[in-house]
Structures are given as structure tokens and as C-alpha cells.
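Data first, discussion second: the structure below is written as C-alpha cells.
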Amino acid sequence: MSEITRDQLMAYADGQLPGDERAAVEAFLAANPDAAADVALLQRQSDAIRTLFEPVGAEAVPARLRPARLAAEMARRRSRNWGWAAAAIVLVGLGLGAGWFARPLLDARPASQVLIANAVNAHAVYVAENRHAVEVGSDDSEHLSSWLSNRLDTTLGMPDLAAEGFTLVGGRLLPGEPDAGGRAAQLMYENATSDRVTIYVTAALPDGAPAYEFASHDGAEAFYWANARITCTVVGTLPEEQMKAVAGSVYRQLTEGDVGAGRPYRG
Amino acid sequence: MNDFLDQLETCVPALRRYARALTRNADLADDLVQDCLERAISRRGLFRPTGPVRAWLFTILLNLHRNALRASRRRGETVDIDTVPELSTPAPQPGHIALAELARAIETLPPEQKEALLLVTLEGIPYAEAAGIIGIPLGTLMSRLGRARAALRALTGSPAEPHLRTVK
């Protein structure tokens, strides 16, 4: 007689054994009452489980579980959702558009910060130069003044810092912020101990509002102001007191003509 | 489409029965079946209409049930007071299995044994199909069924019954 496995007995009890094997199992069970009792127990278990739960299958199915009704409800919900989705897309689009056009309003860096950063950067680049520190030297200060004044579209005098111990080295033209005319002029001064100070001048910002700022930037001191005609940033690495004296002198001389009927610029 | 819905409809009683046996809670079971049907309807495009819709539905139902089980284990389980079986008296006669005792014993089975046992005994689903629904090899299904039934026998206490031996 062939081997009969537990799985075969279970399959027999579950009625899942193919016909040919079934006969073999039946013969085996006839000769083995213990195994027959096991199989009977399995069948009683299954019967009992069916007795417990089978009645549920005969209950009337609640309306909410009718597939046709569910499908209709889902279709309705989906079309509603499309409505919401469309509305959401429109709102997102409006938000993006508004955000795009509001960019300038939301630009976190104020113009003065940009100008100061540019001035400090230009200072750091050119004070380190010896032969090419300036584009036009102080010996041609007439030309320097008229050239830079033309380029900046404003009268630019060369401040005299002799009282503070500084003499003009010269100046150069630099690219600048589009908001402030797109160009900047840099004037460089030097004292007896070769300390250098630069003055970074641009045309006025669009708002032309007066502003005043003293900032420390990458180890350099920057004194910035703006009025209706120009913006100006004085940059140097001098001790604070000396720096304030230089900046104050530059401020007085470059704003002289702006406040009433003072003298015109020197230069 | 309507043919598909009709196919679903013929499976609903079996799904409800299986869900009720799994959850022992009529409302939870019907929620499960509703979720299962909605999922089936929304994914009917993914279902090849030639195959047996029943196995597919049971697979969905089982997955939803397992997800719910995992979620409730995280939340801490709540038990409907009506579903807690009463303490039963011992089986009145050898060989008779007290139903309440059996119901309680099924509750104590590990979920993977319970789902296999109910698919085969309650729903009469062929072994191969049940293995496919659960997503396990046939041999694993057989051993789960064997362990589930041995556990039930131990729990429903039929000491007079001879134990199943390997009879190779």
C-alpha cells in the first residue's frame, strides 16, 4: 500500500482529494480506525465552523453593498472630485501668478544691502592692486571727474580728503545694479601708510529716498547713504574713529550742492 | 461593465460571510466588504475580465483586513462587548464540538492561520486558489491549516480523540 500523508488525509477531509487518491485513502482509513477518527474530527471541525458562520451568507445583503449602487455613487463622487480638482488647479495657478508678479515686493535683500555688498567687493578687489588699482589716475582728475559724471548721468566731484590724510589715487568705472543706472564709479584714496579707502558711487535708486547705513562687512567698514541724486558707499578697513571722519567728510562734500545754494563740487 | 458588477454581486454573500468570520463584528465586516467592492470597482480596468473575480475579491478583502488589523494593533484593540463569547460549558458529549468554545478558539489563532482555515473550511475554496489569495506557496498553506486545526483540537478539548499522527 502506498504512503498516505497527513496532507492527503486533510485534503480527503476537506473533499479536495482527486478521485484516484481518494480510493487509496478510503482503503487506508478502513484499515486504520485511528486515522479514520482523526479525519472525522477534521470534518466535524469544518462542519462546526460552517455552522457558526454560514448563516451570514444567507442574510439579505444591505443596500450599501450592492455593486451597481456603489459604482453609481463612486461615479458621482468622482465627478464632484473633478470639480474640486479643477478649482484647486485654478487656485494654485492664481497663487503662482500672484507670487511671480509679487517677486520684487518679496525680494528679501534691500537695494542698500546689494549696493554695500558690491562696494565692499569692489574695494577688496582693487585695493589689492598696485599698478592697476585705478583706471584713470589722479593726475588727470579733470578728465576723471567729467568722464564718471557723464557715465553716471550726474555731477560727480572728487572729494578732497587731505584733512584726513588721504590723497586721491584715481578712479574707475564698474558695472552696477540695473536699479541704480547699471554703472558704478569707484574712487580710491590712499594715506601715507598706504591704507586705502574707496568710494563707490551710483546714480540714485528709483525711489530716490534718503537713507543712511553704517555696516561692517567681511572685515571692512562701509558707510552708505542715498539721496535723490546718488548713492554712495565709503569702504575701508581703518579704525572706526578714522573711518567715521573720512565718511563724514565725503558725505559733506558730495551732498554740498544738494542742500541749498552751497558751492558746486570741487574737482 | 454591468457584467462585471453582476460578477461582483454574486460574490458579496461569500465576502460578507468571510469578513464576519474574520472580524466577528457585523458592522466592521460590512465596512470591509464595502471597501473591498469600491476598490474592485475603481480598479476594474486593472483586472482582466476573463479570470476568476472571486479570488481577486478575496485577495483585496484580505489585504484590507490585514491593514485594519495592523492599524488596530497600533491603536490598541477595541472589542465589541457583544462579540465576547460567553463562558461555555464543556462539550456535553465526546466528539461534539461546542460552538461557542470553537468560536473562542478560532479567535485565539494567529491571524495567518485563521485566514487560511476560514478560506478553506468556511468558503470551501480549493487549496491552490486559497494559497494564491493569501499569497503563499501551497505547502505553506497546508502547514498553516494543519497547525490551525491542531490548535483548535487542543483548545476545544477532545482528549478522548486520537491525535493525528504522521502515517507514512
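Go through A:V92, A:A75, A:A63 and say which Cα lies farthest out towards the positive end of the charge dipole of the stretch A:63-104; charges sit on Cβ, +1 for Lys and Arg, -1 for Asp and Glu.
The residue sitting farthest along the positive end of the dipole is A:A63.
Could you list the residues of the stretch B:98-123 with an amide nitrogen less than 17 Å from a label point located 7 Å from the Cα of A:E59 in the Cα-to-C-beta direction?
B:123
So for chain A, averaging the separation of alpha carbon pairs under 8 Å that are six or more residues apart and normalising by length, what relative contact order in percent results?
This gives 12 percent for chain A.
For the stretch B:21-28, just list the computed ³J(HN,Hα) in residue order, Karplus coefficients 6.51, -1.76 and 1.60, θ = phi - 60°, integers in Hz, with x standing in for Gly and Pro.
5, 6, 9, 6, 8, 4, 5, 4
Would you mind classifying the stretch A:127-267 by shape? Square roots of the alpha carbon gyration tensor eigenvalues, ordered a ≥ b ≥ c; an a/c under 1.5 is rounded, otherwise it is prolate if a/b is larger than b/c and oblate if not.
rounded
Give me a single rounded figure for B:105-113: the average over its residues of other chain Cβ atoms within 10 Å of their Cβ.
Across the residues of B:105-113, the mean count of other-chain Cβ atoms within 10 Å is 1.
Between the stretch A:1-68 and the stretch A:149-189, how many Å separate their Cα centres?
101 Å
Using the per-residue mean of other Cβ atoms lying within 10 Å as a proxy for protection, in what order, highest first, do the peptides A:204-211, A:175-182, B:111-118, A:217-224 fall?
Packing order, densest peptide first, comes out as B:111-118, A:217-224, A:175-182, A:204-211.
Given R₀ = 56 Å, what would the calculated FRET efficiency be for A:R109 paired with B:A71, taking r from the Cβ atoms and rounding to 0.05?
0.70
Which whole number gives the average, over all residues in A:5-16, of C-beta atoms from other chains lying within 10 Å of the residue C-beta?
5
Work out the FRET efficiency for B:T10 and A:A98 from their Cβ-Cβ distance, taking R0 = 51 Å, and round it to the nearest 0.05.
0.40
Could you give the dipole magnitude of the stretch A:136-267 about its Cα centre, charging the beta-carbon of Lys and Arg +1 and that of Asp and Glu -1, in debye to the nearest 20?
280 debye
With label points built 7 Å along Cα→Cβ from the Cα atoms of A:W84 and A:A36, find their separation and express it in nm.
The two pseudo-label positions are separated by 6.6 nm.
Tell me, what is the FRET efficiency for B:T140 and B:T108 to the nearest 0.05, using R0 = 22 angstrom and their Cβ-Cβ distance as r?
In this case the efficiency is close to 0.60.
From the residues A:A40, A:L52, A:L17, which one has its Cα farthest along the dipole of the stretch A:1-52 in the positive direction, the dipole being from +1 and -1 charges on Cβ of Lys/Arg and Asp/Glu about the Cα centre?
Value: A:L52.
Suppose every Lys and Arg Cβ carries +1 and every Asp and Glu Cβ carries -1, with no other charges. What dipole size does the protein assembly as shown come out with about its Cα centre, to the nearest 20 debye?
Dipole of the protein assembly as shown, to the nearest 20 debye: 1600 debye.
Between A:L144, A:A124, A:A102, whose Cα lies farthest towards the positive end of the dipole of the stretch A:97-199 when Lys and Arg beta carbons carry +1 and Asp and Glu beta carbons carry -1, centred on the Cα centre?
Positive-most Cα among the choices belongs to A:A102.
Which ³J(HN,Hα) values, rounded to whole Hz and listed in residue order, are derived for the stretch A:113-119 from phi using the Karplus coefficients 6.51, -1.76 and 1.60 in 6.51 cos²θ - 1.76 cosθ + 1.60 with θ = phi - 60°, glycine and proline given as x?
Karplus-based 3J(HN,Hα) across the stretch A:113-119 equals 4, 5, 5, 5, 4, 4, 5 Hz.
What are the ³J(HN,Hα) couplings of the stretch B:54-67, residue after residue, when phi is run through the Karplus curve with 6.51, -1.76, 1.60 and θ = phi - 60°? Round to Hz, x for glycine and proline.
4, 4, 4, 5, 5, 4, 4, 4, 5, 4, 5, 5, 4, 4
Please tell me the relative contact order of the stretch A:86-174 in percent, rounded to the nearest whole number, where contacts are Cα pairs under 8 Å and at least six residues apart.
Contact order relative to length: 24 percent.
On a 0 to 90 degree scale, rounded to 10, what angle separates helix A:240-255 from the longest Cα axis of chain A?
Rounded to the nearest ten degrees, it is 70.
Mind checking A:57-66 for the average number of partner chain beta-carbons within 10 Å of each residue's beta-carbon?
Shielding by partners across A:57-66 averages 5.
How tilted is helix A:19-31 with respect to the longest principal axis of chain A? Cα atoms for both, answer in degrees (0 to 90, nearest 10).
Tilt of helix A:19-31: around 60 degrees.
Where a number appears in this text, it was derived from the coordinates with a stated rule and is not lab data. Bear in mind that the values here come from a model prediction, so they are computed numbers and not experimental data. Every residue, glycine as well, gets a Cβ built from its backbone with ideal geometry; the counts of neighbours run over all protein chains shown.
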